[in-house]
Structure formats: structure tokens, C-alpha cells
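Down below is the structure, laid out as C-alpha cells.
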Amino acid sequence: MALVNPNFAEEMERFGEDTALECFNCGTCAAICPLIYEHFPRKMIRYLQLGAKDRIMENANELWRCLHCGLCTQTCPREADPGEVILGLKRYVVANWRRS
Ligand code: SF4
Ligand code: SF4
């Protein structure tokens, strides 16, 4: 079972990310994303909102699929800036990666 942390969104400010809580999970970004991959990037934004760090780390390789094309940010009906959220999550993963 994933652990949740409601303070994680605030923690992400250290990694240059402060817009994820604007997301209301409409799914527009996942629909427009050229990757068409398992609700990406909406899914990762939801993990961030919940503070599900273990899910983020388990699915970290998905972050590097992003083409940084900007389509998700252009079409987001909120100010969630999903493209920037992905960049912030990449910074978080790099800073917290542990070899097993
Ligand atoms: S980031 Fe924007 S487009 Fe994507 S699910 Fe959230 S509100 Fe919708
Ligand atoms: S910036 Fe990344 S997540 Fe957003 S639409 Fe492009 S490939 Fe998908």
C-alpha cells in the first residue's frame, strides 16, 4: 500500500515546483500528450498531490519519457503547468535516488 504525505507538495518547492495543487485531475494533459502512456502526466501529478513518494520512485523512469514539448502546459485549463511539474519531479528523483 502506498504511503501518502500531504506535506509533499510543499516539500517540492525546493525542487522548483509549486503548481501541482492547481491540478483538478481533468485528464486533458494525458489526452494531448503524444506519449499516450498510462495517463501520463496526470498520474504523476496525482502522486505528487497525494505525496505518494514510493509510487513516484517506482515509476521514475516514466518521467524521462517526457519530450518537453509543452503541449500539456498549453492545454491545461488550470495553472497547473504539468510540463514544469514533470521537470520538478525529475529533480526530486535525481536528488533522492538510492542504489539498492
Ligand atoms: S495538469 Fe491540468 S490538464 Fe492535467 S489533469 Fe491537471 S488540471 Fe487537467
Ligand atoms: S511536455 Fe511531456 S508530459 Fe507534456 S505533453 Fe509533452 S511529452 Fe507529454
If you take just the helices (runs of 4 or more DSSP H) that sit entirely in region 1-56, which of them hold at least 2 residues that are within 22 Å of GLY70 (Cβ to Cβ) and free of Cβ contacts under 8 Å to residues at least 60 places away in the same chain? 28-32, 42-50
Criterion first (at pLDDT below 95, more than 12 Å from ligand 1 (Cβ to nearest atom) and more than 10 Å from the chain's Cα centre (by Cα)) does VAL4 satisfy it? yes
How many residues of region 57-89 are within 14 Å of ligand 1 (Cβ to nearest atom) and part of a helix (DSSP H, G or I)? The answer is 13
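The values are calculated or read from the model by the stated rules, or taken from the named source; none is laboratory data. Keep in mind that this is a model prediction, so the values were computed, not measured. Virtual Cβ from ideal backbone geometry, glycine too; neighbours counted across all protein chains shown.
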